[in-house]
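Undergrad: What follows is a structure written as structure tokens; I'll ask about it next.
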Amino acid sequence: VQLQASGGGVVQAGGSLRLSCAASGRTASVYAMGWFRQAPGKEREFVASINRSGVRKNYADSVQGRFTMSRNNIQNTLDLQMNSLKPEDTAVYFCAASTAPYLSSNTNAYAYWGQGTQVTVSS
């Protein structure tokens, strides 16, 4: 499975961005997909995850109510709508895919990773 993330950029605090992730290859084997982020000098952290049908979603407390994740299994895309952005949301954002049949916030559960896209929120 190959993942290609896009949509990052620079935005002022309070603004919005929409990230997209295009999946290709053996996408039928993917159950869960997720977004993670990594700020300079920090470990990669969980942002959101979604199951195959798109019905079940989990969000990190820090983004709950501001970020919305969606998945299109026909187009093999994963989106992350980010609203009310804060400077602390600044990071490189990665999309990830897992063949394990459950949702997880652990990076070790995801076998496939995109290259990352930079999001910078200015104050």
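The values are calculated or read from the model by the stated rules, or taken from the named source; none is laboratory data. Remember, it's a predicted structure, so these values are computed and weren't measured experimentally. We place every Cβ from the backbone using ideal geometry, glycine too, and count neighbours over all the protein chains shown. Keep in mind that these areas ignore ligands, DNA and RNA; they rest on the heavy atoms of the full protein, side chains included. Shrake-Rupley method; radii C 1.70, N 1.55, O 1.52, S 1.80 Å.
Undergrad: One residue is enough: does segment 15-31 have a residue meeting the conditions β-branched (Val, Ile, Thr), in a loop (DSSP other than H, G, I, E, B) and more than 13 Å from residue 76 (Cα to Cα)?
TA: No, there is no match, as no residue in segment 15-31 is β-branched (Val, Ile, Thr), in a loop (DSSP other than H, G, I, E, B) and more than 13 Å from residue 76 (Cα to Cα).
Undergrad: For residues that are under 18 Å from residue 16 (Cα atoms) and loosely packed, with under 13 Cβ neighbours inside 10 Å, tally how many sit in segment 75-94.
TA: Result for segment 75-94: 2.
Undergrad: Scan segment 40-70 residue by residue and report those that are touching a helix residue (DSSP H, G or I) at 6+ places or on another chain (Cβ under 8 Å) and closer than 16 Å to residue 86 by Cβ.
TA: 62, 63 - these are the residues of segment 40-70 that are touching a helix residue (DSSP H, G or I) at 6+ places or on another chain (Cβ under 8 Å) and closer than 16 Å to residue 86 by Cβ.
Undergrad: Against the definition (on the phi < 0 side of the Ramachandran plot, open to solvent by 30 Å² or more (accessible area, probe 1.4 Å) and within 15 Å of the chain's Cα centre (by Cα)), how does residue 72 come out, yes or no?
TA: Yes: the conditions hold for residue 72.
Undergrad: So residue 40 clears everything in (1) open to solvent by 50 Å² or more (accessible area, probe 1.4 Å); (2) under 15 Å from residue 94 (Cα atoms); (3) in contact (Cβ under 8 Å) with a residue 60 or more places away in the chain; (4) not hydrophobic (A, V, I, L, M, F, W, C) except one condition, right? Which one?
TA: (3)
Undergrad: Looking at segment 1-22 only, could you name the residues that are more than 17 Å from residue 122 (Cα to Cα) and open to solvent by 20 Å² or more (accessible area, probe 1.4 Å)?
TA: Selection gives 1, 2, 4, 6, 20, 22.
Undergrad: Here's a follow-up. Go through segment 95-109 and count every residue that is closer than 11 Å to residue 46 by Cα and surrounded by 18 or more Cβ atoms within 10 Å (Cβ to Cβ).
TA: Looking only at that region, the number is 2.
Undergrad: Further question on the same structure: Being of a type in the set (A, V, I, L, M), modelled with pLDDT of 95 or more and over 19 Å from residue 115 (Cβ atoms) is the filter here; which residues of segment 1-54 pass it?
TA: Of everything in segment 1-54, those that are of a type in the set (A, V, I, L, M), modelled with pLDDT of 95 or more and over 19 Å from residue 115 (Cβ atoms) turn out to be 11, 13, 32, 50.
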